[in-house]
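Reading through the structure tokens given below for one structure.
The values are calculated or read from the model by the stated rules, or taken from the named source; none is laboratory data. As the structure is a computational prediction, the values presented were derived from the model and not from experiment. Cβ: placed from backbone, ideal geometry, glycine included. Neighbour counts: every protein chain shown.
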Amino acid sequence: MATATSTPSAGAGARVHIQRFGTFLSNMVMPNIAAFIAWGLITAMFIEVGWLPRYLGIGDSPDSWVAEFGGWGDFAGGGIVGPMIVYLLPLLIAYTGGKIVYDVRGGVVGAIATMGVIVGTDIPMFMGAMIMGPLAGWSMKHIDAIWDGKIKPGFEMLVNNFAAGIWGMILAIIGFVVMSPVVTWIADRLGEGVDFLVENNLLPFTSFIIEPAKVLFLNNALNHGVLTPLGTQEAAEQGKSILFLLEANPAAGAGLLLAYMFFGKGLAKASAPGAFIIHFFGGIHEIYFPYVLMKPKLIVAMIAGGFTQILINVIFDAGLRAPAAPGSVFAVYAQVPGDSVVGVTLSIIGGAAASFAVAAVLLKLDKAETPEDQLIAATHQMEELKGKESSVTSTLTGGAATATAVATRPVEKIVFACDAGMGSSAMGASVLRKKVHDAGYTSVTVVNQAIANLADDQDLVVTHQDLTDRARLKAPSAVHVSVENFLGSPKYDEIVEIVRESHGEASGS
């Protein structure tokens, strides 16, 4: 078998750089999504117009809570909501950003630096955290390099601690004096831009940017790197934000997969029902990206669905209290305030109907079955007749773009990597792990991970074909296998063969 090699084109290189920058932004937010959800649930339950005050009939002010429940009323009356969004969430983002650049040391200095920006403003400082956290980690890393190896034995801890403390203090002052007014000005302009789009009913047109960017695996970068910080700030001021629904709403993807269920062909049609369940209920939007990439004209259907769902939410002034992560219908409704239930429900129905209608027309007009569809359908028919999966089908269905890989050492550690390391990679790792273990290789570990966190100590890395170039940069010595479909890729059987051959065993028929 030939070793898989590829040289990224100029276009692919630019895409990789954009993905890497966007992923870097999202990676500061993604690990802390649980904190955002906790804040959203506390807000939904305990603020003056939240679920519990209405249900218990206590009153419409925090004082009513205090009078009813004493000390507990300070918490329930909303006393924790403000500090969480002003201090906790930005500091978590800053720490994570600094840690990405320079491990724990960078995270600590990043949190110190961001505190200066926080106290210098009167708005939640997510943008400041996303700037100061990585900047502090990067600068601390370069400062440490100045005297690396030059400190006398016994003084390392003293120098390192004082260096981090002094530099953190300096950055906090810079954050307060310099960064606070700059970031506040930027945040105000962005807020005005969002208000302009909403007031002039132009927000639906963002789907012309969001939907194409999503299928290029910039979904997490858009949602968690841009929309979540802006939406959280808006939700803190208004109680909800439509920005949480621009990317996370599963409507458009659901409509597309439904169209494939009825009008698709070959493997695409067969796998669409399972993909629909994973997308709509599981919230893993990456599952539908290959369905668009195999027929790029279907991006029109996605834009139609996105435009429709956003328009309906604008008309009904609907929004969420906190991010819906993952983008599951369950996560969406968990954060819907009472006055937005109708709008959000209609947006899901309307967005799905719009993308379904457009995709159905495009698929019906696509009379000629592509050679790829014919080959995949024929190969699966052959497997059904044979009664089991064939070890050679991956050669037929793997496509010409990716050659079969070969391992130069025993494969003991397999990593399924995706943009965020939580959605499609977790699903793919689960499927692949079962196949590898069922083949008798129970000692082989199969884990999921974000591409940004890959280290060059894995034996084999599995990614979607659009993300393989980025994975190669992080783990150049590993065997890389690209897949097109997360559910039932023939490449999974190829990986089992790679594992078997790496252990010096002959392939079975």
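Rundown of residues vs (1) modelled with pLDDT under 85; (2) surrounded by 22 or more Cβ atoms within 10 Å (Cβ to Cβ), yes/no style:
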site: S424; (1), (2): yes, yes
site: T445; (1), (2): no, no
site: N453; (1), (2): yes, no
site: D456; (1), (2): yes, no
site: L460; (1), (2): no, yes
site: Q465; (1), (2): yes, no
site: T468; (1), (2): yes, yes
site: V481; (1), (2): no, yes
Checklist outcome for this item: Residues of segment 234-266 being over 27 Å from Y291 (Cβ atoms), part of a helix (DSSP H, G or I), of a type outside the set (D, E, K, R) and touching a strand residue (DSSP E or B) at 6+ places or on another chain (Cβ under 8 Å), in sequence order, are A235
Checklist entry - Within the bounds of segment 150-166, is there any residue that is touching a residue at least 12 places away in the same chain (Cβ under 8 Å) and under 30 Å from the mean Cα position of the chain (by Cα)? => result no
Checklist entry - From the list L258, L346, L320, which residue is touching a helix residue (DSSP H, G or I) at 6+ places or on another chain (Cβ under 6 Å) and within 23 Å of P229 (Cα to Cα)? => result L320
Item to check | Hey, M84 surrounded by 15 or more Cβ atoms within 10 Å (Cβ to Cβ), at pLDDT 65 or above and closer than 13 Å to P134 by Cα or not | outcome: no
Item to check | Members of segment 281-290 found to be surrounded by fewer than 24 Cβ atoms within 10 Å (Cβ to Cβ) and assigned to a helix (DSSP H, G or I), listed by number | outcome: F289, P290
Checklist entry - Can you pull out the residues in segment 232-271 that are in contact with a His (Cβ under 7 Å, 6 or more places away or on another chain) and modelled with pLDDT of 90 or more? => result P250, G253, A254, L257
Checklist entry - β-branched (V, I, T), in a helix (DSSP H, G or I) and surrounded by fewer than 14 Cβ atoms within 10 Å (Cβ to Cβ) - does that describe any residue in segment 148-167? => result yes
Checklist entry - Given F176, F196, which one is surrounded by fewer than 14 Cβ atoms within 10 Å (Cβ to Cβ), of a type in the set (A, V, I, L, M, F, W, C), not in a loop (DSSP other than H, G, I, E, B) and not assigned by TED's automatic domain parsing to the domain that holds A322? => result F196
Next on the checklist: All but one of (1) surrounded by 14 or more Cβ atoms within 10 Å (Cβ to Cβ); (2) modelled with pLDDT of 90 or more hold for H380; state the number of the condition that does not hold.
Outcome noted: (2)
